[in-house]
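Novice: Below are the structure tokens for one structure; questions will follow.
Values in this text are rule-based calculations from the coordinates and carry no lab data. Note that the coordinates shown come from a computational prediction; the quantities given were computed from them, not determined experimentally. So basically every Cβ, Gly included, is an ideal-geometry build from the backbone, and we count neighbours across all protein chains shown.
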Amino acid sequence: MRTATPNKALSLSASWLWISAGLALAAGRLGAQQALPAYQFEAPLTEAIHFHELQLVNELLELSRLEAGEMGLKASKQNAIPFLKGLVYAFESLAAQRQVELTFHSGLPGLSLYFDAGKVEKVFNNLLSNAFKFTPGGGRVSVELSKSDKEACIRVADTGPGIPPAQQPRVFDRFFQSDEHHGMGSGVGLALVKELVKLHHGRITLDSEPGKGAVFEVYLPLGQSHLSEEERVEAAESTASASVLPLALAPQPTLNGQKPPAGAPRVLLVEDNAEVRAFVKQRLAVAFQVSEAEDGQAGIKKGLEEMPDLIVCDVMMPRTNGYEVCAALKADVRTSHIPIILLTAKAGQEKKLMGLKAGADDYLAKPFDAEELSVRIRNLIQLRQQLRERFATAVELKPSEVSANSIDQEFSDWGHLRMRRGIP
């Protein structure tokens, strides 16, 4: 009888876990849609748990595919500096919350590299998440970018407790956890990081001394001679002069030259940090038509003017914060139906309740995975579409079948009145 190889056994186990977590997530959404009051109160926390389960399982599956040589590289030529800036500054509010200094430094005006954006994003989200996880308040997390004749080096350093020399050779092993950090993390992230860097024909090193923090250095080769024809994809790149412009002014091409399909949903992104806004827009622009607002007041104005299909809004903004943006738009009959996702590093239960009371439809903690944000956007838009279709096709709609706030009820009554009068 045949026995499964370790990779195949892991894939099979992870697939069952993925199905289980996916079904639990779907069941959670079904319960929330059926407007059960007690369930709706717990739904955001339950959904977050299942999303983290799915994220872990996805990492396991990715690691298994990488080790089996079943995952390909799709690298395009991109300016690495604005890309990395966006990744780093997505942790800015988390740094402020934990009182950790966060810095990014590059003496280069621009740096063209061939890389797969989604995979490199996973690499540095993992490294930065680990750095913040183990760095105490008053410490520092820094990212530095440099290059030699043949390769670029991205250095991620922290001032945490460090890793004992005897354990350093094992940090990239699957499921390894340092004795000092027992119980923190799954032990999968760094193993995945190493494989993703190897997929780019690069390497990663660790330098750490107990009590003095840890330094991870990712080396990626310059040029394209190391890539096969199948590993390269063409992408529209900014002109050479654009690389020296401030990020907020430089044109931002979509990933791998892709553009959103005709008729793609319209998403309004409200974020005061220019680097984070540019990064999130770049990631979302593959599937959505994305417009931007640089602060909360501009977000309210654009929301009313553009009537997007969904709004993604940061919470920590000057003058008008995300809660106030959400409350203002949900209180207006013209925009009360538009789903709003709030982004913040303050992901405690109290802050989540503040967002939900303001009318937010979803809540995502920074730093977040861009793919997870895209999935949440699609799901909310799809749910709204299903509700519209139900309203349009229902012959008789009983009030008990619909859970609506006063603004939603006013909007519904207004719409029915226009329909009876034959007004389009």
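Novice: For a quick check: with amide H placed at 1.01 Å from N, whose amide H comes under 5 Å from residue 317's, ignoring anything fewer than 5 positions away on the same chain?
Specialist: 322
Novice: How far apart, in nm, are two points set 7 Å out from the Cα along the Cα-to-Cβ line at residue 387 and at residue 350?
Specialist: A separation of 3.0 nm, rounded to one decimal place.
Novice: Also: Using 0.36 nm per residue of separation minus the Cα-Cα distance, give me the extension gain between residue 170 and residue 304 in nm, one decimal.
Specialist: So the extension gain works out to 42.8 nm.
Novice: If you don't mind, another one. Which one, 307, 337, 364, is farthest towards the positive end of the dipole of the range 252-387 when Lys and Arg carry +1 and Asp and Glu -1 on their Cβ?
Specialist: Among 307, 337, 364, the one farthest towards the positive end of the dipole of the range 252-387 is 337.
Novice: Follow-up question, since we're still on this one. How would you rank 284-291, 95-102, 162-169, highest first, on the average number of other Cβ atoms within 10 Å across their residues?
Specialist: Peptide ranking by packing, descending: 284-291, 95-102, 162-169.
Novice: Collect residues whose amide H, placed 1.01 Å from N in the peptide plane, falls under 5 Å from the amide H of residue 104; neighbours closer than 5 in sequence don't count.
Specialist: 143
Novice: Please work out the FRET efficiency for the pair residue 333 and residue 149, using the Cβ-Cβ distance as r and a Förster radius of 56 Å; give the result to the nearest 0.05.
Specialist: 0.35
Novice: Enumerate the amide H contacts of residue 363 below 5 Å, restricted to partners 5 or more residues apart or on another chain; note that Pro and chain-start residues carry no placed amide H.
Specialist: Close amide H contacts, sequence-distant or interchain: 342.
Novice: Can you give the Rg and Dmax of the range 252-387 based on its C-alpha atoms, in angstrom?
Specialist: Taking only Cα atoms of the range 252-387, I get Rg and Dmax of 13.7, 41 Å.
Novice: To continue, here is another question. Cross-link partners among lysines for residue 352, C-alpha distance below 18 Å, same-chain residues fewer than 8 apart left out?
Specialist: Reachable lysines: 330, 366.
Novice: Okay, next question. 7 Å from Cα along Cα→Cβ at both residue 378 and residue 101: what's the point-to-point distance in nm?
Specialist: 4.2
Novice: With +1 assigned to the C-beta of every Lys and Arg and -1 to the C-beta of every Asp and Glu, and no other charges, what is the dipole magnitude of the range 289-373 about the Cα centre in debye, to the nearest 20? Can you show the working numbers first?
Specialist: Details: 10 positive and 15 negative charges, 88 e Å.
For this selection, approximately 420 debye.
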